[in-house]
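Novice: I have a structure here, written as structure tokens, and I will follow up with some questions on it.
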Amino acid sequence: MLLVPLLTACPKGDVGAPCNHGDVDPPDSKVVTFPALSCNDLLCVYADDADPPGEPCTGDADCNAGEDKPRFACTNGTCKLSTTYVLERSMCSRTCETSADCKDGGIGKKLLAKESNCSSGFDCVQIQKLGEFCCQKLCVCNDDLSAGTVDMLKGECMALVDPATGECKDDDVPPPAAMTTGA
């Protein structure tokens with residue numbers, strides 16, 4: 001009898017929990033990793049879209065002028081995303097239809113992690129227009145979103161997604177019938 005409550009307990013939400021992408025080098029831009037085994041829905045998202053300074057550097061301070069938190073590291077005279085920063089901003093996510101899908105909903109609908117590096121909540125947005133998660137909506141921390149970038153990508157995705165199938169039409173990849181093999 002005592003086991004019944006434990007067996008029916010709701011799983012703990014993990015949207016916003018820290019995760020990693022399994023790669024030693026930080027990405028050049030936003031990235032969605034699937035499968036991310038440390039996340040309930042197997043999705044790990046890095047959504048920050050800050051570009052590193054383009055000037056040559058001699059140290060990390062040159063790359064982070066005006067930043068409240070170091071985002072970039074000076075590597076071989078060039079500013080690149082810092083691995084530490086990417087790990088701090090990479091969070092478990094899930095697919096969604098609306099921003100309500102990214103919020104806790106009461107008893108039995110616990111989605112968010114107890115502790116997270118996200119301070120402004122989550123919204124349901126598209127962050128990629130290529131790859132496996134092309135134009136798919138995901139729960140993403142508002143701290144990492146730029147309104148202009150989100151709106152621009154939303155417009156681009158409207159043109160890329162086939163309304164009949166909901167699939168992304170990637171213009172850069174030829175359809176399977178047009179692919180050739182070496183002979």
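The values are calculated or read from the model by the stated rules, or taken from the named source; none is laboratory data. Given the structure is predicted, the values throughout are model-derived calculations rather than measurements. No Cβ is skipped: glycine too gets one built from the backbone with ideal geometry, and neighbour counts run over all protein chains shown. Areas reflect the complete protein model, heavy atoms only, side chains present, ligands, DNA and RNA absent. Shrake-Rupley method; radii C 1.70, N 1.55, O 1.52, S 1.80 Å.
Novice: Mind grabbing the accessible area of residue 110 for me, 1.4 Å probe, Å², rounded to tens?
Specialist: Looks like 80 Å² after rounding.
Novice: Just the Cα atoms of segment 19-74: what Rg and Dmax do they give in Å?
Specialist: Rg, Dmax (Cα atoms, Å): 13.9, 41.
Novice: Based on the alpha carbon coordinates of segment 67-128, what radius of gyration and maximum Cα-Cα distance (Dmax) apply, in Å?
Specialist: Over segment 67-128's Cα set, Rg and Dmax evaluate to 15.6, 52 Å.
Novice: Just to check, using Stokes-Einstein with a Kirkwood Rh over alpha carbon pairs, what's the diffusion coefficient of segment 20-155 at 20 °C and 1.002 mPa s in µm²/s? Let's see the in-between values first.
Specialist: On the way: Rh = 15.8 Å.
Reported coefficient: 135 µm²/s.
Novice: Can you run the Rg to Rh ratio on segment 111-173? Use alpha carbon positions and the Kirkwood inverse-distance Rh.
Specialist: Numbers: Rg = 13.4 Å, Rh = 12.8 Å.
On the Cα set of segment 111-173, Rg over Rh gives 1.04.
Novice: Give the lysines reachable from residue 103 as a straight Cα distance under 19 Å; neighbours fewer than 8 places away on the same chain don't count.
Specialist: Candidates past the 8-residue exclusion: 12, 114, 137.
Novice: Calculate, in nm to one decimal, what residue 83 and residue 62 gain on full extension: separation in residues at 0.36 nm each, minus their alpha carbon distance. Let's see the in-between values first.
Specialist: Details: separation 21, 0.36 × 21 = 7.56 nm, distance 1.68 nm.
Separation in residues times 0.36 nm, less the Cα-Cα distance, equals 5.9 nm.
Novice: Report the calculated FRET efficiency for residue 104 and residue 147 (r = Cβ-Cβ distance, R0 = 22 Å), to the nearest 0.05. Kindly include the intermediate steps, with their values, before the conclusion.
Specialist: Working: r = 24 Å, r/R0 = 1.10.
Result of the calculation: an efficiency of 0.35.
Novice: Would you grab the residues whose amide H sits under 5 Å from the one on residue 137? Only those 5+ places off in sequence or on another chain, please, with H modelled 1.01 Å from N.
Specialist: Close amide H contacts, sequence-distant or interchain: 96.
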